[in-house]
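Since the structure comes first, as structure tokens, the remarks are kept for the end.
The values are calculated or read from the model by the stated rules, or taken from the named source; none is laboratory data. Predicted model only: the values in this text are computed from it and were never measured. Note that we place each Cβ from the backbone using ideal geometry, even for glycine, and neighbour counts take in every protein chain shown.
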Amino acid sequence: MSKKYHFKIENVPYEWDRQMITEEEIRAVGPGIPETMDLFVKVAGKPGRLVESGESFDLSDPGIEKFYSQESSSEAGGL
């Protein structure tokens, strides 16, 4: 049985079969996040930051990565 890795998109939990996940793969999970929207990552104890195109994440790092999207014209963490 292979290890499952956990992360969240818009506070919805997901499981992943591989240790690494790319920005493109994150955008394709669940209902999907279009390229026209900015993708951010939030890790416990740190402010959210913009995910770069083609960036990869190691899901075995401590904590659960939380990804969220916003309209490209809005500020990170804004309402």
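Are any residues in the stretch 50-74 among the charged types (D, E, K, R), modelled with pLDDT under 95 and loosely packed, with under 12 Cβ neighbours inside 10 Å, and if so, which ones?
The answer is Asp61, Glu71.
Quick check on the stretch 34-42. Is at least one of its residues within 13 Å of Tyr68 (Cα to Cα), of a type outside the set (D, E, K, R) and over 10 Å from the mean Cα position of the chain (by Cα)?
yes
Within the stretch 33-49, take every residue that is hydrophobic (A, V, I, L, M, F, W, C) and surrounded by 12 or more Cβ atoms within 10 Å (Cβ to Cβ) and give me the one that is farthest from Gly63 (Cα to Cα).
The extreme case among them is Met37.
Please specify each residue of the stretch 57-75 satisfying the condition of being over 10 Å from the mean Cα position of the chain (by Cα) and assigned to a strand (DSSP E or B).
Those that are over 10 Å from the mean Cα position of the chain (by Cα) and assigned to a strand (DSSP E or B): Asp58, Gln70, Glu71.
Taking the stated definitions as given, is Gly54 closer than 28 Å to Ser2 by Cα and assigned to a loop (DSSP other than H, G, I, E, B)?
yes
For the stretch 17-32, state whether one or more residues are assigned to a loop (DSSP other than H, G, I, E, B), surrounded by 15 or more Cβ atoms within 10 Å (Cβ to Cβ) and modelled with pLDDT of 95 or more.
Within the stretch 17-32, one or more residues are assigned to a loop (DSSP other than H, G, I, E, B), surrounded by 15 or more Cβ atoms within 10 Å (Cβ to Cβ) and modelled with pLDDT of 95 or more.
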